[in-house]
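Read-outs: derived from the displayed coordinates by stated rules, not from any lab. This structure is a prediction, so every number in the text was calculated from the model and none was measured. A quick note on method: Cβ atoms are made from the backbone with ideal geometry, for glycine too, and the neighbour counts reach across all protein chains shown.
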Amino acid sequence: MKKKTWIIIIIAAVLAVLAMAAAIILDVTGRKTAETKPRLHSLNAFYSDTEAATRFISDAALLDDRVAGAADRFITCDGTVGAALAGTGLYRVDANGVKMIHPAGVDRFALSLDGRLIVYTTATELHIYDESTGSVTDVKPDDIYGVASIAISPSGDTVGYSVKAKDGSFYAYSYKDGKSSLLMKDAYIMAIADGAEFYYYIEPDGVGLFYAEGRNTKKLGTDVAGLVEFNRDLTEALFDMNGATFVSVKGGAARELIKGYSVYCASALCESEQGGESCVASVKDRSTLFDGIFYAVRTSEGAARDAYDVWYVDGKLRAQALVKGTDQFFVTEDGGSLSCIVDRTLYSMDVKNPDNRSRVASNVWSFGMTRDGGEYYCVGYDSALYYVKKGAVPVKRAENAVYCTVTREGRCLSLASYDGSAGRLISFEGGGDITDIAGGVYRVEAMPGMAYYLTGAYKDEYGNYVRDVYTSSDGTAFAKAVEAVPADAEDAGD
């Protein structure tokens, strides 16, 4: 199984629960406590065809500020602060509004995990914006064609960058306290520790991944895929080569994590994407990548959906298989329990003792659950929607359901009577009353701090297919937030 080179395939169902978590998972192996920053808020960007502008939603609130044109790229590490590139202008976004950082000419940018720094590049310069002071520091390397990659240290006290010189060579530098220092020639930097104590780089031709500490360098891998994942302090590096995932700890020799498998870390909620075109570093706001869940994707031609193999990997990097070939899975907020569908049956199990499992419900097509795994909402093969309190008999709540999602507060949002382009959205909690939200709903999502839905596609005055965005803070009362978000004609049925 081969990991895609550039981007992690995210299971929406997994992240819907993981994004709720404020997880502090105790590591029984004694190696390290897996402390993860909670994802409690959401920040989203939507382009409005009507306004010809990008609008931003912080939790469920539409910001008054907007950016002219479409944002070509929008990133946020934790859902409270974001950065957007519209045209070649760079903007910082938070709940207080939108701030222009640089009017034009920006090539690439990265956001620090704490949202304080935005590091960005123009044609031949590096720039560091610091929100705490409002200042921009300009770094101007001599005789270069451009800045090839950027990296931000965990505390933000050091920035790493690589430049392409006019002789065609690449040079990696660190910048701290107003001074740039040469680190290495023929190096394309992708992650850097505070004070440049150590750093990771790839060769300009992309063949090898290296760890450097002072004058000492170690080659970690050859023909490494272009994405490398790190924990918060960069002491753990996870990467793919030869179709399998390897791990290096503190620059040590790389070892295969789960033999023969390319796997994804499902335990990180907040992350910063750094690096450049030839490599991407995903720095997770988590003390360790381990003591958590990893999964591999099985894609079968002609299958209605993918299947997943799931493992628990402890703090000593020992992997234990939890389930093979599940259609869908969720992890509880504390990371201790996994729920999954196997052969149409929904099970719950202890991640550290998978033999300790129980059957929750049968004939389940898909499901959502509360953060503690105590309550479930299941769409059955009979197209009915059921509420299941763990250990109790399922209770049918609605007919003709096709999808459901669960808010952080435990409220179910479900689409019913879907005709391929839109359906009816309902909302309820447990055995409580069902609230009819709206008809003509294309998609609904529950996120930290908000829920939103997209309407079915319609044509605007220019003949373009568009949708409207409605948001809610509690999953019951929705209001229109953004009008005329572009939709694909294919999704509209044309």
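Note on D143 and R73: with the Förster distance fixed at 35 Å, the Cβ-Cβ geometry gives a FRET efficiency of about 0.75. The modelled label-to-label distance between Y381 and M100, using points 7 Å beyond Cα along the C-beta direction, is 6.0 nm. Over all pairs of different C-alpha atoms in segment 186-256, the reciprocal of the mean inverse distance, the Kirkwood hydrodynamic radius, equals 11.9 Å. When the chymotrypsin sites (Phe, Trp or Tyr not before Pro) in segment 318-416 are filtered for DSSP coil states and for at most 12 other beta-carbon atoms within 10 Å of their beta-carbon, the remaining sites are Y381. Rg over Rh for the chain works out to 0.98, both radii taken from alpha-carbon positions and Rh defined as the Kirkwood radius. When the Kirkwood radius is taken over all Cα pairs of segment 333-403, what Stokes-Einstein diffusion coefficient follows at 10 °C and 1.306 mPa s, in µm²/s? Calculated translational D: 130 µm²/s.
One chain, two ends: K324 and S180. Fully extended at 0.36 nm per residue, the span grows by 46.9 nm beyond their Cα-Cα distance.
Based on a Kirkwood Rh over C-alpha pairs, give the Stokes-Einstein translational diffusion coefficient of segment 264-397 at 25 °C and viscosity 0.890 mPa s in µm²/s. Approximately 152 µm²/s, per Stokes-Einstein. A simple spin-label model places pseudo-atoms 7 Å from Cα toward Cβ; at D488 and T88 they are separated by 3.0 nm.
A simple rule links phi to the HN-Hα coupling: the Karplus curve 6.51 cos²θ - 1.76 cosθ + 1.60 with θ = phi - 60°, which for segment 324-330 gives 10, x, 7, 7, 6, 8, 10 Hz, with x for Gly and Pro.
Residues in segment 432-449 carry Karplus couplings, in order, of x, 5, 8, 9, 7, 7, 6, x, x, 9, 8, 8, 10, 9, 9, 10, x, x Hz; the curve used is 6.51 cos²θ - 1.76 cosθ + 1.60 with θ = phi - 60°, and Gly or Pro positions show x. Taking all Cα-Cα distances within segment 192-331, those exceeding 27 Å account for 21%. Mean residue ellipticity, 222 nm, helices only, the chain: the sum of -39500 (n - 2.57) across DSSP H runs of n ≥ 4, divided by residue count and rounded to 500, is -500 deg cm²/dmol. A straight line joining the Cα centroids of segment 371-422 and segment 33-69 runs 27 Å.
The calculated FRET efficiency for the pair S135 and E277, based on their C-beta separation and a Förster distance of 41 Å, comes to about 0.90. Only Cα sites of segment 94-172 enter the Debye sum here, all with the same form factor; the resulting log10 I(q)/I(0) across q = 0.12, 0.13 1/Å is -0.35, -0.40, listed in q order.
Under conditions of 25 °C and 0.890 mPa s, segment 363-415 yields 228 µm² s⁻¹ as its translational diffusion coefficient, taking Rh as the Kirkwood radius over Cα pairs in the Stokes-Einstein equation.
Amide H contacts under 5 Å for S421: none, restricted to partners 5 or more places along the chain or on a different chain, H placed in the peptide plane at 1.01 Å from N. At full extension, T476 and E35 could sit 155.5 nm farther apart than now, given 0.36 nm per residue minus the alpha carbon distance. Taking label points 7 Å from Cα along the Cα-to-Cβ direction, S300 and R344 give a separation of 1.5 nm.
Couplings 3J(HN,Hα) of segment 342-357, computed from phi: 9, 6, 6, 10, 8, 10, 10, 8, 7, 5, 9, 8, x, 5, 7, 10 Hz, in residue order, whole Hz [Karplus 6.51 cos²θ - 1.76 cosθ + 1.60, θ = phi - 60°; x for Gly and Pro]. Residues of segment 127-149 with the amide nitrogen closer than 18 Å to a label point 7 Å from the Cα of K166, along Cα-to-Cβ, please. Inside the label zone: 140-148. Loop-located GluC sites (Glu not before Pro) in segment 387-478 (DSSP state not H, G, I, E or B) with no more than 14 neighbouring Cβ atoms inside 10 Å: E399, E409, E461.
When only the Cβ of Lys, Arg, Asp and Glu is charged (+1, +1, -1, -1), the dipole of segment 434-479 relative to its Cα centre reaches about 120 debye. Taking 0.36 nm per residue of separation and subtracting the current Cα-Cα distance, fully stretching the chain between D194 and D334 would add 47.4 nm.
For segment 85-116 and segment 315-347, what is the separation of their Cα centres, given in Å? First find each Cα centre; the distance between them is then 38 Å.
Measuring r between the beta carbons of D372 and S155 and using R0 = 35 Å, the FRET efficiency lands at 0.55.
Determine the relative contact order of the chain: mean sequence separation of Cα pairs under 8 Å and six or more apart, normalised by residue count, in whole percent. Rounded, it is 12 percent for the chain.
The largest-to-smallest principal axis extents of the Cα set in segment 377-460 are 49, 31, 19 Å. Does anything in segment 412-439 have its amide N under 12 Å from the 7 Å Cα→Cβ label point of E399, and if so which residues? Residues passing the 12 Å test: 417.
Under the convention that each Lys and Arg Cβ holds +1 and each Asp and Glu Cβ holds -1, the size of the dipole of the chain around its Cα centre is about 1360 debye. Plainly put, segment 91-227 has a radius of gyration that is 0.97 times its Kirkwood radius, both from alpha-carbon atoms, as the Rg/Rh ratio. Using Cα centres only, tell me the gap between segment 125-193 and segment 199-215 in whole Å. About 15 Å separates the Cα centre of segment 125-193 from the one of segment 199-215. Please give the net charge around C77, taking every other residue with its beta carbon less than 15 angstrom from that of C77, where Lys and Arg add +1 and Asp and Glu add -1. Counting the neighbours of C77, the net charge comes to 0.
Considering only Y201, L182, S248, and ranking their Cα positions along the charge dipole of segment 179-327 that arises from unit charges at the beta-carbon of Lys, Arg, Asp and Glu, the one farthest toward the positive end is S248.
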